[in-house]
1. Which value results when the Cα radius of gyration for region 288-367 is divided by 2.2 N^0.38 Å?
2. Eigenvalues of the Cα gyration tensor times 5, then square-rooted: what semi-axes does that give for the chain, in whole angstrom, largest first?
3. Write down Rg/Rh for region 2-129, rounded to two decimals, with Rg from the C-alpha atoms and Rh from the Kirkwood relation over Cα pairs.
4. With a bin width of 10 angstrom, please list the P(r) values of region 240-297 as percents of all Cα-Cα pairs, from the 0 bin to the one holding the largest distance.
5. Let me check against my output: what whole-number percent is the relative contact order of region 2-129, with C-alpha pairs under 8 Å and at least 6 apart?
6. For the pair residue 233/residue 293, report the inter-label distance in nm, with labels modelled 7 Å from Cα in the Cβ direction.
7. Quick check on the chain: helices-only [θ] at 222 nm, where DSSP H runs of length 4 and up contribute -39,500 (n - 2.57) each and the sum goes over total residues. Nearest 500, please.
8. Take the Cα gyration tensor of region 41-195, multiply each eigenvalue by 5, square-root it, and list the three semi-axes largest first, rounded to whole angstrom.
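Derivation of every value follows stated rules applied to the coordinates shown; laboratory data play no part. Since the model is a prediction, treat every value here as computed from it, not as a measurement. A quick note on method: Cβ atoms are made from the backbone with ideal geometry, for glycine too, and the neighbour counts reach across all protein chains shown.
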Ligand code: MRU
């Protein structure tokens, strides 16, 4: 997508063909720093400290992390270490393991001398595939927006949570791809952006994406969605996911479940944009089988923002003695999900729906 008229992806290679470049997303929306990653350890740090985040981009960065390692130490030991270090960065987004498994399966049988070029080529292909997957998700999701636009006057009001935008993927975003494509087609949309405490990915990132593309939007506190749905001011919810089980249970940023409950109670369609690498075919029950990342309590008791003098600073919002508890993701049971917008079409959120859409994985899911 474009930033001040210049097309960007969220991850790309520098002029030397080896250095990986990313946007430090912890500094948005007040600054737009491009950062060089030159070692596997730097790629791991960028994922762990959330300079890059969002399930698909975590996977793409891990793939390039493997490539950086192969450029420095392509031995079997180096390969095993890169897998281990990168895998330990963040536990919930399954795209991380998916990308690492993919890279290891490709690289292991190769002679060490051949591994770096192969790793860079595959990491680039993973990025290109992500862009195409998200473009297709957008085309399928667009039909939902078109249907609503055809039956009501005024804008289609879409609520989204966290940032499942182009910054969370290599390009387009998942939940935002239908929105970008609707706007390109001239359909009037308005986006309710959940702020998404504690890290405020909605406030910092989704709002920035919407503002950069001139898409009408309002930032709302996380508690406002239910109220807006009761008043008929939300036509459609579209969120992303960090891991969806073979049964269609959806793990996503903390607070997603409450939005799904409110949507269910108010008859608002609740869709999840789901690239196939985000499906964990090995697990069925989202509540018991998905590890939920616990992050530092300081993210809850403190906030980052820009002061009136333009300085980006952190403030404490709770008493010194209060500790924050910070589960970063929750699980929305499949029964609350209206549909899964995949690159192949819109699937029912169920074992049968996913198996019919991705028959090549049905056997793994049945094991
Ligand atoms: O903790 P984050 O910012 O990595 O969480 C991101 C989300 O929860 C997104 O909704 C999800 O990764 C889908 S991104 C297309």
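1. 1.78
2. Semi-axes from the Cα gyration tensor: 31, 25, 20 Å.
3. Computed over Cα atoms, the ratio is 0.96.
4. All Cα pairs, binned at 10 Å, distribute as 22, 49, 26, 2 percent.
5. Over region 2-129, the number comes to 22 percent.
6. Label-label distance for residue 233 and residue 293, simple model: 3.1 nm.
7. That calculation yields -12000 deg cm²/dmol at 222 nm.
8. In descending order the semi-axes read 37, 15, 10 Å.
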